[in-house]
Each structure stands twice: as C-alpha cells, then as structure tokens.
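Written out below as structure tokens is the structure these notes cover.
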Ligand code: AMP
C-alpha cells in the first residue's frame, strides 16, 4: 500500500504555522484543529520545520513564560518527509526507528498532506483484515 492511498481517504489538509508566530497561537491551532503537529512554513508550500505537542511540552518544562516563545525557536528544523508513492510500511518503519509520529508528505517539493503514526497503523490493520477475509474465503468449505 502507498501513502497516496491513505491521503485519498483522509484528505490533503495540512495545518501550518509561521515561525514568527507565538507558541500561544500554535497551541490554539493544535487544539482548534484537533491535531498533534503543525508544519512550520512561510508563505510557500515548502516546510521549514515541524512543531508537535512534544515540542510544546518541552518548551513549557524549561520556561514559565513559554506562551510568548516563537515557534521558530522550538520547532524541529530538519524535517523528514515522505512522498505519495512511498510504501506505507517503510514510512511507518522510519517513524518508529526515528521516534516521531508525524510525517509531512511532499510531491515534487509541494506539500500535499501529513500522516500520523495512527494513520499508518489504521491502514496496515485494514490491509491485514482484508487479507484475512480473502484467506478465510479461500479455505471456507464449498
Ligand atoms: P512527535 O512524536 O511527532 O510528537 O515528535 C517528536 C519529536 O520529533 C518532536 O521534537 C518533533 O518536532 C519531531 N518530529 C516530528 N515529526 C518529525 C518529522 N517528520 N521530521 C523531523 N522531526 C519530526
């Protein structure tokens, strides 16, 4: 299964925040959109960072005034991305070994979606369920 299959079911919405916005605004966006990560971008579609709930907690742990910190100061700058034609399994492996749960998807440099580790697990579960159904049908008498 390809990442494109997940995107076609889930949609291509990516919520972004600018690096000069405050953590206060980023937290509001996370809550408003009910997501765990925001891609950091200026006007273009090209990500320059990613900020997740974990970064917010880290910032709060080290600074009583974390609400007024800029997104650009706590985001992860080296964003690892995947492409729509990538295999769901290998993307899931990358997320697991590198210990993060969000992966922006880029198609020829343009942002076309974001998937979470939950999306990967759901897709794999559905794939295995389909496989079990097929095998059951094959071994069923008659
Ligand atoms: P998460 O598990 O996604 O909440 O992220 C854990 C840490 O990894 C945070 O510091 C994130 O900023 C960072 N992170 C999340 N997704 C990515 C990604 N695709 N590329 C690089 N770093 C990431």
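Only the coordinates and a few stated rules stand behind these numbers; no lab work does. Everything numeric in this text was worked out from a predicted model, so none of it was measured. Reconstructed Cβ throughout: ideal geometry from the backbone, glycine too, with neighbour counts over all protein chains shown.
At-a-glance table
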{"read-out": "Inter-probe distance in nm under a simple model that places probes 7 Å from Cα toward Cβ, at residue 24 and residue 131", "value": "5.1"}
{"read-out": "Mean separation of Cα contacts under 8 Å, 6 or more apart, over the residue count of the chain: relative contact order %", "value": "26"}
{"read-out": "Residue order, fewest to most surrounding Cβ atoms within 10 angstrom, among 85, 53, 42, 64", "value": "64, 85, 42, 53"}
{"read-out": "Once the Cα gyration tensor of the range 69-142 is diagonalised, semi-axes √(5λ) in Å", "value": "35, 13, 9"}
{"read-out": "Share of pairwise Cα separations in the range 3-139, more than 28 Å, in percent", "value": "24"}
{"read-out": "Computed FRET value (nearest 0.05) for residue 1 with residue 48, which takes r as the C-beta separation and R₀ as 35 Å", "value": "0.75"}
{"read-out": "Net lengthening on full extension, residue 32/residue 108 (0.36 nm per residue, minus Cα-Cα)", "value": "24.4 nm"}
{"read-out": "Of 115, 132, 80, the one that fluctuates the most in a GNM where the chain has Cα springs shorter than 10 Å", "value": "132"}
{"read-out": "Fully extended contour minus Cα-Cα distance, from residue 15 to residue 65, at 0.36 nm per residue", "value": "15.5 nm"}
